[in-house]
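Structure, as structure tokens:
The values are calculated or read from the model by the stated rules, or taken from the named source; none is laboratory data. This one's a predicted model, so the numbers in the text were calculated from it and none came from an experiment. Reconstructed Cβ throughout: ideal geometry from the backbone, glycine too, with neighbour counts over all protein chains shown.
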Amino acid sequence: MTRHTIQDIDDLIAVAHTNRQAQAKKGLVDHRGRWVEPTVPKPGEEPKPPHTHPSYCMKCKKKVDSITDKVEPTERNSHRAIGKCPTCGTKTHTLMNNENGVKMIGEMATTGGTA
């Protein structure tokens with residue numbers, strides 16, 4: 001077993017930090033250092049605009065237009081939109097009435113979203 005000096009450990013930490021900064025510039029990691037899949041449209045295909053719904057982010061403490069992942073019906077004749085905060089990526093939930101929920105499900109179905 002090899003013994004590492006403090007200088008060796010400091011060098012390894014510096015290299016890891018530099019790699020993370022380089023990956024963040026390329027858009028491969030988010031602000032927390034977690035791996036993010038790059039979203040690149042296929043050749044000849046235009047990127048589809050994400051579906052959004054207004055919600056309140058508990059982490060950012062402000063109202064945001066969350067990127068809708070899915071819409072699901074609830075037991076009480078309403079719908080729940082589940083999405084992510086565009087700023088920090090925190091999961092958000094929004095309750096909406098049956099009319100708006102059905103309309104959003106229809107929009108997502110026609111443009112290729114998940115309902």
- Query: Is at least one residue of the stretch 17-33 among the aliphatic types (A, V, I, L, M), modelled with pLDDT of 70 or more and not in a helix (DSSP H, G or I)?
  - Reply: no
- Of the residues Gly113, Gly83, which is within 15 Å of the chain's Cα centre (by Cα), modelled with pLDDT under 70 and either in a loop (DSSP other than H, G, I, E, B) or surrounded by 17 or more Cβ atoms within 10 Å (Cβ to Cβ) (or both)? Gly113
- Message: Cβ-Cβ under 8 Å, sequence separation 6+ or interchain: first residue in the stretch 80-91 and touching a residue at least 40 places away in the same chain (Cβ under 8 Å), partner part of a strand (DSSP E or B). Which pairs?
- Response: Cys88/Cys57
- Examine the stretch 44-52 for a residue that is closer than 30 Å to Met104 by Cα, in a strand (DSSP E or B), at pLDDT 75 or above and not aliphatic (A, V, I, L, M), and state whether such a residue exists. yes
